[in-house]
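The values are calculated or read from the model by the stated rules, or taken from the named source; none is laboratory data. A quick note: this is a predicted structure, and the numbers were derived from the prediction, not measured. FYI the Cβ positions are ideal-geometry reconstructions off the backbone, even for glycines, and counts take in every protein chain you see. Just the protein is used for accessible areas: all its heavy atoms, side chains included, with ligands, DNA and RNA removed. Shrake-Rupley method; radii C 1.70, N 1.55, O 1.52, S 1.80 Å.
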Amino acid sequence: HRGRHRVDRRERKRCIETSVAPVIAVPANITVNTDANQCGAIAHFAATDATGIPNSVITYDIQPDTFFEVGTTTITATATNAVGTSISTFDVTVIDTQAPIAVAQDFTVTLDEYGNATITPKDVDNGSFDNCMFTTSLDVTTFDCTNIGLENTVTLTVTDASRNTNSTMAT
């Protein structure tokens, strides 16, 4: 055994771990629904070094457990060790399937001196809400002398950015 140097297992393992470039494994594309109270969601994810060698450092351009807006965001994950770097991407898509809630109130219209009146959704809306931004619209906005004495019904429609809608009626 003269002149021979014996390499112990720990040293051999360390040499192997620093001689292989990382191979990053990212999650499949992720789809999550919005939170009931927010227009977006938190996405949980983790990439790994597929070589199984623990000396790689994995970083992301957007961190896991971040709040994501509605839509698709591409995440870049990078694994780096002493030998090299591996980069891969995946998508986080947040969808809003929650319909808004339309709340209307009855409204009295007074005709002007020409026998006409116009109303807006704000006149009829009584606190409609959604977890995301929304718009309101009415199916009827103008009235004239032919509407006097009638119970005129209008439909208030609430539509969010993901095109989810809800409607209710007012007189």
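Table for the structure above
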quantity	calculated
Boolean, residue 156 is touching a residue at least 40 places away in the same chain (Cβ under 8 Å) and of a type in the set (A, V, I, L, M, F, W, C)	yes
Count of residues meeting criterion [part of a helix (DSSP H, G or I) and surrounded by 12 or more Cβ atoms within 10 Å (Cβ to Cβ)] in the stretch 142-156	1
Those strands (runs of 3 or more DSSP E) lying entirely in the stretch 50-135 with at least 1 residues surrounded by 12 or more Cβ atoms within 10 Å (Cβ to Cβ) and aromatic (Phe, Trp, Tyr)	57-60, 66-69, 85-95
Qualifying residue in the stretch 61-69 (condition: out of contact with any His (no Cβ under 6 Å at 6 or more places or on another chain) and farther than 30 Å from residue 22 by Cα)	yes
Checklist (1) in a loop (DSSP other than H, G, I, E, B); (2) under 22 Å from residue 34 (Cα atoms) applied to residue 159, failing item	(1)
Residue, farthest from residue 131 (Cα to Cα), within the stretch 37-49, restricted to residues that are open to solvent by less than 70 Å² (accessible area, probe 1.4 Å) and in a strand (DSSP E or B)	49
Complete set of residues in the stretch 25-35 that are open to solvent by less than 60 Å² (accessible area, probe 1.4 Å) and either closer than 7 Å to residue 131 by Cβ or outside any loop (DSSP other than H, G, I, E, B) (or both)	25, 30, 32, 34
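Results for (1) of a type outside the set (A, V, I, L, M, F, W, C); (2) in contact with a Ser or Thr (Cβ under 6 Å, 6 or more places away or on another chain); (3) over 27 Å from residue 40 (Cβ atoms), shown as yes or no for each residue.
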site	(1), (2), (3)
64	yes, no, no
73	yes, no, no
88	yes, no, no
99	no, no, no
102	no, yes, no
133	no, no, no
149	yes, no, yes
165	yes, yes, no
